[in-house]
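J.: This structure is in structure tokens; I'll ask about it shortly.
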């Protein structure tokens, strides 16, 4: 069984529609795929319908922008009820923060002599729940300013670059508790990747586990072999689930092909068991894992 628990569609900053993402996952030979768009559940219904069509199991999720000690940490939330008020309130704040910094970033780019408008960014976003840096990057590509998203972030949009503007991030501990209250389970994405990000150490991960964290994403393209080995040992010692994922964004991110990293089936079963326990304790309604016999072609 091949399981990929971290992917993105056009509902946030991927380049595939949710249905295209699911069909691509089936073509890639995946048995289970999670849709985890940034801070939104907008792609879930479309993805679920496609999952039934092609006969793949879909796990609804999202990747929430959180903060720990002033640094960014991405939290994967699987099977929460997005209507749960504590979670919904944080998601509203995060999405508003994404939107509110776009005008300032565009003003900084125009100050550099780059003629870019809000309409350019909206067109690049293809109706995403909120526009953000990847959509600005795509607009810059479309304008011929840069070759790809990587160059846009390296030259203009990354932290510390000339057009970067900070934004709101939900407190990590608060968000873990909100996901649990919403009947879901949480996993820290690429915890030691991308320059370390928040880089929670073993003691911090143990504390987060005590308040409800279910797992950490171990097998990810941002982690080298030594990092994966150390994180896997920490997960085993603390009792966290160890997942593996592609962090697929379609053509928006290179070297993150569907299924390039996968989750062990035993770890997946542990995660789904924890999700079932959280759902049973919650007063909110968790979404369902969708699967069905293939009735068409991938």
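The values are calculated or read from the model by the stated rules, or taken from the named source; none is laboratory data. As the structure is a computational prediction, the values presented were derived from the model and not from experiment. Because the Cβ atoms are built from the backbone with ideal geometry, glycine has one as well, and the counts that use them run over all protein chains shown.
J.: Going through segment 241-298 one residue at a time, which ones are in contact with a helix residue (DSSP H, G or I) (Cβ under 6 Å, 6 or more places away or on another chain), at pLDDT 95 or above and assigned to a loop (DSSP other than H, G, I, E, B)?
T.: Of everything in segment 241-298, those that are in contact with a helix residue (DSSP H, G or I) (Cβ under 6 Å, 6 or more places away or on another chain), at pLDDT 95 or above and assigned to a loop (DSSP other than H, G, I, E, B) turn out to be 258, 286.
J.: Being more than 30 Å from residue 282 (Cβ to Cβ) and touching a helix residue (DSSP H, G or I) at 6+ places or on another chain (Cβ under 7 Å) is the requirement here; does residue 122 meet it?
T.: Numbers: more than 30 Å from residue 282 (Cβ to Cβ): yes; touching a helix residue (DSSP H, G or I) at 6+ places or on another chain (Cβ under 7 Å): no.
No.
J.: Are any of the residues in segment 211-230 under 17 Å from residue 6 (Cα atoms), assigned to a helix (DSSP H, G or I) and at pLDDT 95 or above?
T.: Within segment 211-230, one or more residues are under 17 Å from residue 6 (Cα atoms), assigned to a helix (DSSP H, G or I) and at pLDDT 95 or above.
J.: Among 180, 174, 150, which is in contact (Cβ under 8 Å) with a residue 40 or more places away in the chain and farther than 25 Å from residue 87 by Cα?
T.: On the way: 180 fails: farther than 25 Å from residue 87 by Cα; 174 fails: farther than 25 Å from residue 87 by Cα.
None of the others qualify; the one that does is 150.
J.: Can you name every one of the helices (runs of 4 or more DSSP H) wholly within segment 122-200 that holds 2 or more residues which are under 18 Å from the mean Cα position of the chain (by Cα) and surrounded by 24 or more Cβ atoms within 10 Å (Cβ to Cβ)? Can you show your working first?
T.: Values: elements: 133-142, 149-152, 172-181.
In segment 122-200, 133-142, 172-181 are the helices (runs of 4 or more DSSP H) which contain 2 or more residues that are under 18 Å from the mean Cα position of the chain (by Cα) and surrounded by 24 or more Cβ atoms within 10 Å (Cβ to Cβ).
J.: Residues to consider are 55, 70, 61; find the one that is surrounded by fewer than 21 Cβ atoms within 10 Å (Cβ to Cβ) and at pLDDT 95 or above.
T.: The match here is 55.
J.: Being touching a strand residue (DSSP E or B) at 6+ places or on another chain (Cβ under 8 Å), part of a helix (DSSP H, G or I) and within 22 Å of residue 291 (Cβ to Cβ), is that true of even one residue in segment 39-47?
T.: Yes, the conditions are met somewhere in segment 39-47.
J.: Within segment 195-210, is even one residue modelled with pLDDT of 95 or more, out of contact with any helix residue (DSSP H, G or I) (no Cβ under 8 Å at 6 or more places or on another chain) and closer than 28 Å to residue 11 by Cβ?
T.: No; the residues of segment 195-210 include none that is modelled with pLDDT of 95 or more, out of contact with any helix residue (DSSP H, G or I) (no Cβ under 8 Å at 6 or more places or on another chain) and closer than 28 Å to residue 11 by Cβ.
J.: Quick one: what pairs do we get from segment 262-288, first residue under 21 Å from residue 232 (Cβ atoms), second in a helix (DSSP H, G or I) and modelled with pLDDT of 95 or more, C-beta under 8 Å, 6+ apart or different chains?
T.: Matching pairs, first to second residue: 263/271.
J.: Still on this structure, I have one more. Of the residues 83, 11, 88, 48, which is at pLDDT 95 or above and surrounded by 24 or more Cβ atoms within 10 Å (Cβ to Cβ)?
T.: Details: 83 fails: surrounded by 24 or more Cβ atoms within 10 Å (Cβ to Cβ); 88 fails: surrounded by 24 or more Cβ atoms within 10 Å (Cβ to Cβ); 48 fails: surrounded by 24 or more Cβ atoms within 10 Å (Cβ to Cβ).
Exactly one of 83, 11, 88, 48 is at pLDDT 95 or above and surrounded by 24 or more Cβ atoms within 10 Å (Cβ to Cβ), namely 11.
J.: Please find, among 19, 50, 25, the residue that is in a helix (DSSP H, G or I) and touching a strand residue (DSSP E or B) at 6+ places or on another chain (Cβ under 6 Å).
T.: 25
J.: Considering only segment 62-86, how many residues are closer than 12 Å to residue 186 by Cα and without any contact (Cβ under 8 Å) to a residue 60 or more places away in the chain?
T.: Number satisfying all stated conditions: 1.
J.: Hey, another quick one. If you scan segment 14-39, which residues turn out to be in contact (Cβ under 8 Å) with a residue 40 or more places away in the chain, under 27 Å from residue 169 (Cβ atoms) and surrounded by 21 or more Cβ atoms within 10 Å (Cβ to Cβ)?
T.: If the condition is that a residue be in contact (Cβ under 8 Å) with a residue 40 or more places away in the chain, under 27 Å from residue 169 (Cβ atoms) and surrounded by 21 or more Cβ atoms within 10 Å (Cβ to Cβ), then 14, 16, 21, 33, 34, 36, 37, 38, 39 are the ones that fit.
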